[in-house]
């Protein structure tokens, strides 16, 4: 992955930045094309943590959202949702002859 940006709200521990970067950054192997840019945002309101992701591929944008009670839970859930989209895109990609 060429570049990943992780934004964390004040209420989110700073270590979450590294965890999100590692977990989402490893998804490029599932992508049907090169991932030019990825963005992850982590926010919270009271007991719920919200995570948003956007990956820009050469020809399409992939977005996902998750919420949960802990930072690792929400990042792992977000990763799985993005991974499923990328795998689905890969299996639907046209085969060149």
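Within the range 50-91, what residues put their amide N at less than 12 Å from the label point 7 Å along the Cα-to-Cβ vector of residue 26? So the set is 76, 79-80. Modelled spin labels at residue 10 and residue 76, positioned 7 Å past Cα toward Cβ, are 3.0 nm from each other. Distance between the 7 Å Cα→Cβ label points at residue 58 and residue 92: 1.9 nm. Panel order for 6, 87, by other beta carbons found within 10 Å of each beta carbon, from fewest to most: 87, 6. Determine, at each q value in 0.10, 0.25 (inverse angstroms), the log₁₀ of I(q)/I(0) that the Debye formula gives when each Cα of the range 4-91 is one equal point scatterer. Normalising to I(0) and taking log10 leaves -0.22, -1.20.
Between helix 15-25 and the chain there is an angle of about 10 degrees, using the helix long axis and the longest principal axis of the Cα atoms.
Laboratory data are not the source of any read-out in this text; all were calculated from the coordinates shown. Values in this document were obtained by computation on a predicted structure and should not be read as measured data. Counting neighbours? That spans all protein chains shown, and the Cβs are built from the backbone with ideal geometry, glycine included.
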